[in-house]
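A short write-up of the structure that comes next.
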Amino acid sequence: MSKTDTTADTAPNEGTSAGEKSDPMRECSKSHLAIGWWSLLIFLSLGIVLEILHGLKVSTYLDVGNETRRLMWTLAHAHGTLLALIHIAFSVTVPMIPKWADSSRRLASRTLTAAGILMPLGFFLGGVQFYGGDPGLGILLLPAGALCLFVAVLKTARAIH
């Protein structure tokens, strides 16, 4: 992108109070758009790795005794992919709610980001080390991530009048 392109994008908003108020919203939107697309790349790549493990009949992944690992890693892939799409949806939603209070929007943004990390990580770590049919201690991240997701969705839904 050339310097003139960047200047052209920001020039209409410079010096106006409306432009200044929209900057935090625009940054929030851009941030979640980037998080969403990068997360989608990461979790779709994880899905490809899981397919390769399945296709190569890797015992660490496919043996009957590793069913918990297979389930946890599949759930990590699925939840990570879904949360990536939720980030993209959030990035589109933010500019549509111009009167959204900054504190509420920031809380929704931060809790959604935390959920996007904690939930898939909890499932993945739960499958790294497991005990019999029970997931490992990493699964303890899941309730915190689920609560963060709940708060983000609640704050977003309540902001829409």
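Each value in this text was obtained by applying a stated rule to the coordinates, not by laboratory testing. Values in this document were obtained by computation on a predicted structure and should not be read as measured data. Note that each Cβ is placed from the backbone with ideal geometry, even for glycine, and that neighbours are counted across all protein chains shown.
If you go through segment 129-161 and keep only what is in contact with a Gly (Cβ under 7 Å, 6 or more places away or on another chain), crowded, with 16+ Cβ neighbours inside 10 Å and farther than 15 Å from His87 by Cα, you end up with Phe130, Pro135, Gly136, Gly138, Ile139, Leu141, Leu142. Pairs meeting the criteria (first residue in segment 31-51 and farther than 21 Å from Ala114 by Cβ, second residue in a helix (DSSP H, G or I) and not charged (D, E, K, R), beta carbons under 8 Å, at least 6 apart or on different chains) are Leu44/Thr81; Gly47/His77; Gly47/Thr81; Leu50/Tyr61; Leu50/Trp73; Leu50/Thr74; Leu50/His77.
Can you confirm whether Gly136 is of a type in the set (Gly, Ala, Ser) and within 17 Å of Ile35 (Cα to Cα)? Considered against the rule, which asks whether it is of a type in the set (Gly, Ala, Ser) and within 17 Å of Ile35 (Cα to Cα), Gly136 comes out as no. Figure legend. Inter-residue proximity from segment 145-159: first residues free of Cβ contacts under 8 Å to residues at least 12 places away in the same chain and within 10 Å of Ala115 (Cα to Cα), second residues in a helix (DSSP H, G or I) and of a type in the set (Lys, Arg), beta-carbon distance below 6 Å, spacing 6+ or different chains. No pairs are indicated.
Among the residues making up segment 34-60, those that are touching a His at 6+ places or on another chain (Cβ under 7 Å) and not aliphatic (A, V, I, L, M) are Gly36, Ser39, Phe43, Gly47. Might you let me know whether segment 48-59 holds any residue that is within 14 Å of Ala152 (Cα to Cα) and surrounded by 16 or more Cβ atoms within 10 Å (Cβ to Cβ)? No, segment 48-59 contains no residue that is within 14 Å of Ala152 (Cα to Cα) and surrounded by 16 or more Cβ atoms within 10 Å (Cβ to Cβ).
Before we move on, is Leu82 part of a helix (DSSP H, G or I), without any contact (Cβ under 8 Å) to a residue 24 or more places away in the chain and of a type outside the set (Gly, Ala, Ser)? For Leu82, the condition - part of a helix (DSSP H, G or I), without any contact (Cβ under 8 Å) to a residue 24 or more places away in the chain and of a type outside the set (Gly, Ala, Ser) - is met.
Mind listing whichever residues of segment 31-73 are over 29 Å from Ile88 (Cβ atoms) and either aliphatic (A, V, I, L, M) or touching a strand residue (DSSP E or B) at 6+ places or on another chain (Cβ under 9 Å) (or both)? Those that are over 29 Å from Ile88 (Cβ atoms) and either aliphatic (A, V, I, L, M) or touching a strand residue (DSSP E or B) at 6+ places or on another chain (Cβ under 9 Å) (or both): Leu56, Val58, Leu62, Val64, Thr68.
Yes or no, residue by residue, for (1) within 15 Å of Leu75 (Cα to Cα); (2) part of a helix (DSSP H, G or I):
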| site | (1), (2) |
| --- | --- |
| Phe90 | no, yes |
| Trp100 | no, no |
| Leu107 | no, yes |
| Arg110 | no, yes |
| Ala114 | no, yes |
| Ile117 | yes, yes |
| Phe124 | yes, yes |
| Pro143 | yes, yes |
| Phe150 | no, yes |
